[in-house]
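Notes for the one structure printed next.
The values are calculated or read from the model by the stated rules, or taken from the named source; none is laboratory data. Everything quoted here is computed from the prediction, not taken from an experiment. With ideal geometry, Cβ positions are generated from the backbone for all residues, glycine too; neighbour counts draw on all protein chains shown.
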Amino acid sequence: MADDLLIGVIIDIMLYILYSNQSKRGIFMGERKRDKILGIRTVGMREWAFNKVHYNRYEATPYKALDKLAEDYMFRDVDRIVDFGCGRGRVVFYLHNRFQLPVVGIEANHQTYEEAIENKAVYSLKAKHITAPIEFKYGLAQHYKIDKRDNCFYFFNPFSVHIFRKVVYNILRSVEKDNRTVDLILYYPTHEYKDFLETTPFTIINKIKVPRAIDKKDRFIIYRLNETAWEE
């Protein structure tokens with residue numbers, strides 16, 4: 001009796017692992033198909049070659065998450081988007097293709113940056129009809145000079161809160177100089193990011209949960225700083 005119960009448990013575990021792996025393979029193939037439509041290659045992960053305390057591994061935002069974000073956020077009101085830690089450029093190409101908006105990607109890993117440039121070369125052949133520019137810049141996020149056209153900033157936990165803090169302060173200084181409304185889009189936000197933003201003039205305007213997400217952290221939180229904030 002005990003042996004039969006043990007065998008049953010083992011079978012259940014094996015079936016769970018099998019179906020879980022099949023699901024992951026299905027998601028993996030679905031991501032590749034979406035990449036192919038855009039003419040890019042962004043699937044996979046990349047750890048830093050050296051132990052970079054302040055930088056996280058490369059991992060692209062899932063397409064199903066981007067689809068939900070595109071439905072619930074008014075990208076039409078954006079002048080230019082900046083993706084900090086853009087990786088191979090999935091968010092950049094997706095938003096450029098769907099909304100035909102100017103997008104800037106900032107990447108600190110040189111190999112990953114080169115792959116983004118390669119993706120741009122192929123993607124540009126498919127998107128000749130879109131006049132809005134795409135720019136990729138190699139360098140540290142905190143060294144990027146915020147342009148007065150930049151009013152939407154995207155983060156998928158690319159670096160530590162230490163660097164995030166510097167980037168947000170750069171944004172605030174830019175807004176103080178050239179008053180405008182700006183948004184921060186955080187995917188899978190960390191407690192450190194959220195705790196820091198509570199000390200700034202930014203306020204939460206929306207929380208977007210990814211459909212069928214198992215992890216409650218699998219969501220977007222959108223923060224906004226209204227141009228009137230500096231007038232108060």
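Some points to look at:
- Looking only at the stretch 209-232, and only at residues there that are among the β-branched types (Val, Ile, Thr) and crowded, with 17+ Cβ neighbours inside 10 Å, the one that is modelled with the lowest pLDDT: VAL210
- Top-ranked residue of the stretch 146-158 - restricted to ones that are in a loop (DSSP other than H, G, I, E, B) and touching a helix residue (DSSP H, G or I) at 6+ places or on another chain (Cβ under 8 Å), ranked as surrounded by the most Cβ atoms within 10 Å (Cβ to Cβ): PRO158
For every residue, the table says whether it meets (1) in the same structural domain as HIS143 (by TED's automatic domain parsing); (2) surrounded by 15 or more Cβ atoms within 10 Å (Cβ to Cβ); (3) at pLDDT below 95.
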{"residue": "TYR73", "(1), (2), (3)": "yes, yes, no"}
{"residue": "CYS86", "(1), (2), (3)": "yes, yes, no"}
{"residue": "ARG90", "(1), (2), (3)": "yes, yes, no"}
{"residue": "HIS96", "(1), (2), (3)": "yes, yes, no"}
{"residue": "HIS110", "(1), (2), (3)": "yes, no, yes"}
{"residue": "ALA116", "(1), (2), (3)": "yes, yes, no"}
{"residue": "ASN119", "(1), (2), (3)": "yes, yes, no"}
{"residue": "SER124", "(1), (2), (3)": "yes, no, no"}
{"residue": "ALA127", "(1), (2), (3)": "yes, yes, no"}
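- Residue pairs meeting the criteria (Cβ under 6 Å; at least 6 apart or on separate chains; first within 10 Å of GLU135 (Cβ to Cβ), in the stretch 94-109; second among the aromatic types (Phe, Trp, Tyr) and buried (at least 19 other Cβ atoms within 10 Å of the Cβ)): GLY105/PHE136; ILE106/PHE84
- TYR169 being at pLDDT 95 or above, crowded, with 20+ Cβ neighbours inside 10 Å and in a helix (DSSP H, G or I): no
- Of the residues making up the stretch 100-134, those that are touching a helix residue (DSSP H, G or I) at 6+ places or on another chain (Cβ under 9 Å) and of a type in the set (D, E, K, R) are GLU107, LYS120, LYS126.
- Among the residues making up the stretch 207-226, those that are in contact with a Pro (Cβ under 9 Å, 6 or more places away or on another chain) and not in a loop (DSSP other than H, G, I, E, B) are ARG219, PHE220, ILE221, LEU225.
- So VAL161, is it assigned by TED's automatic domain parsing to the domain that holds GLY105, surrounded by 21 or more Cβ atoms within 10 Å (Cβ to Cβ) and β-branched (Val, Ile, Thr): no
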